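Participant: Let me give you the structure first, and then I'll get to my questions.
The values are calculated or read from the model by the stated rules, or taken from the named source; none is laboratory data. What you are looking at is a predicted structure, and each value in this text was computed from that prediction instead of being measured. Cβ placement follows ideal geometry from the backbone for every residue including glycine, while neighbour counts extend to all protein chains displayed.
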Amino acid sequence: MLILLALLGGLGWGQFVGDSACADCHRNIVKRYGATTMSKEGVLCENCHGEARMHAKGAGRLEVPTALEPVERDAVCAQCHFRGAGRVARAGRDVRRFRAGQTLTRYAASFVFVDAPEEGGGAVEELAASRCKQKAGADLWCGSCHDSHSGAVDRSACLGCHAAKQCGRGKDCSGCHMAGGDHRIGRRKTARRAGGWQVRPFTAADGGARELGLQYYGLWQKSGDGRQREEAARLLTGLLNKDAAVGRALENLKKAGTKKR
């Protein structure tokens, strides 16, 4: 939760007109949303629907996530609910400028550990690792179960694939298969294993040598793992175009030499 709050605090959402403008026309929806955890943590209508300043004046359109292409739809949730190994801004891009209707990978690359923890990740990457998501593809997404306007959870999504028969343990599928909010939707509770030191792009659209190198650099600064330092130096040194972020990283890597922090 602290990671989410830190992210929300850094997104520069002061440019938004705010939920009070939405309430002029959508009073009931805004009232329901105001009782949700997301609203209380500072997530505005515009974080999911795009900037509303012009729309509130009678011009301009807003985005409806369910009407977007899957990659754009899922990016709306991933802007906050991805944890992974980290996220690195693209050269010349600011992830705080991401708006609903765009692809998140345009602004940043997201990474996960190769040996990901069995639990404790973000909801986005955990769901992607589930058998349910891998089989259902784009048909299964956050909105399949969650109503963002009310906070209600609809477990009937499970019945789209699984037979509607009474389970001896009750009707609450998530109670057994998503214990503790684990979005991997496992058959049974499994032990957690270490995250390892290697990372990989979260999706095919994530990554790039620059971004991967900066991700290893950031991880090395926290862990002091020499393997991450060496991988960062290898990737960043080989770049033809070195921007300010890469330059600073290479300078610090050079100063550190081969010693662990």
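Matching residues to (1) over 23 Å from residue 16 (Cβ atoms); (2) crowded, with 16+ Cβ neighbours inside 10 Å; (3) among the polar types (S, T, N, Q):
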residue: 58; (1), (2), (3): no, no, no
residue: 68; (1), (2), (3): no, yes, no
residue: 82; (1), (2), (3): no, yes, no
residue: 97; (1), (2), (3): no, no, no
residue: 104; (1), (2), (3): no, yes, no
residue: 108; (1), (2), (3): no, yes, no
residue: 111; (1), (2), (3): yes, yes, no
residue: 115; (1), (2), (3): yes, no, no
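Participant: Turning to a different aspect of this structure: Of everything in segment 225-240, what is of a type in the set (Gly, Ala, Ser) and farther than 16 Å from residue 113 by Cα? Give them in sequence order. Break it down stepwise before answering.
Facilitator: Step one: filter segment 225-240 for residues of a type in the set (Gly, Ala, Ser), giving 226, 232-233, 238.
Across segment 225-240, the qualifying residues are 226, 233, 238.
Participant: Identify the single condition in (1) over 22 Å from residue 173 (Cα atoms); (2) surrounded by fewer than 18 Cβ atoms within 10 Å (Cβ to Cβ); (3) in contact with an Asp or Glu (Cβ under 9 Å, 6 or more places away or on another chain) that residue 54 does not satisfy, given that it satisfies every other one.
Facilitator: Residue 54 satisfies all of (1) over 22 Å from residue 173 (Cα atoms); (2) surrounded by fewer than 18 Cβ atoms within 10 Å (Cβ to Cβ); (3) in contact with an Asp or Glu (Cβ under 9 Å, 6 or more places away or on another chain) except (3).
Participant: Pairs, please: C-beta under 9 Å, at least 6 apart or cross-chain, first residue among the charged types (D, E, K, R) and surrounded by 15 or more Cβ atoms within 10 Å (Cβ to Cβ) and in segment 172-186, second at pLDDT 85 or above and in a loop (DSSP other than H, G, I, E, B)?
Facilitator: The qualifying pairs are 184/129; 184/130; 184/178.
Participant: Using the structure shown, decide if residue 144 is within 16 Å of residue 203 (Cα to Cα) and among the hydroxyl-bearing types (Ser, Thr, Tyr).
Facilitator: Details: within 16 Å of residue 203 (Cα to Cα): no; among the hydroxyl-bearing types (Ser, Thr, Tyr): yes.
Spelling it out, it is not the case that residue 144 is within 16 Å of residue 203 (Cα to Cα) and among the hydroxyl-bearing types (Ser, Thr, Tyr).
Participant: List every residue pair whose Cβ atoms sit under 6 Å apart, with the two residues 6 or more apart in sequence or on different chains, where the first one lies in segment 68-90 and is among the aromatic types (Phe, Trp, Tyr) and the second, anywhere, is surrounded by 16 or more Cβ atoms within 10 Å (Cβ to Cβ) and not in a helix (DSSP H, G or I).
Facilitator: Close Cβ pairs (under 6 Å, with a partner that is surrounded by 16 or more Cβ atoms within 10 Å (Cβ to Cβ) and not in a helix (DSSP H, G or I)) amount to 82/110; 82/122.
Participant: If I filter segment 130-171 down to residues being surrounded by 17 or more Cβ atoms within 10 Å (Cβ to Cβ) and among the aliphatic types (A, V, I, L, M), which single residue comes out as farthest from residue 81 (Cα to Cα)?
Facilitator: 157
Participant: Going residue by residue through segment 190-199, is there one that turns out to be outside any loop (DSSP other than H, G, I, E, B) and modelled with pLDDT of 90 or more?
Facilitator: There is at least one residue in segment 190-199 that is outside any loop (DSSP other than H, G, I, E, B) and modelled with pLDDT of 90 or more.
Participant: Further question on the same structure: Of all residues in segment 37-61, count the ones that are farther than 18 Å from residue 72 by Cβ, touching a helix residue (DSSP H, G or I) at 6+ places or on another chain (Cβ under 7 Å) and part of a helix (DSSP H, G or I).
Facilitator: Number of matching residues: 2.
Participant: Here is a further query. Can you tell me how many residues within segment 84-95 are of a type in the set (Gly, Ala, Ser) and crowded, with 18+ Cβ neighbours inside 10 Å?
Facilitator: Keep residues of segment 84-95 that are of a type in the set (Gly, Ala, Ser), which gives 84-86, 89, 91-92.
Those left that are additionally crowded, with 18+ Cβ neighbours inside 10 Å: 84-86.
Matching residues across segment 84-95 total 3.
Participant: What helices (runs of 4 or more DSSP H) completely inside segment 70-177 contain at least 2 residues that are modelled with pLDDT of 90 or more and farther than 30 Å from residue 232 by Cβ?
Facilitator: Qualifying helices (runs of 4 or more DSSP H): 70-81, 131-136.
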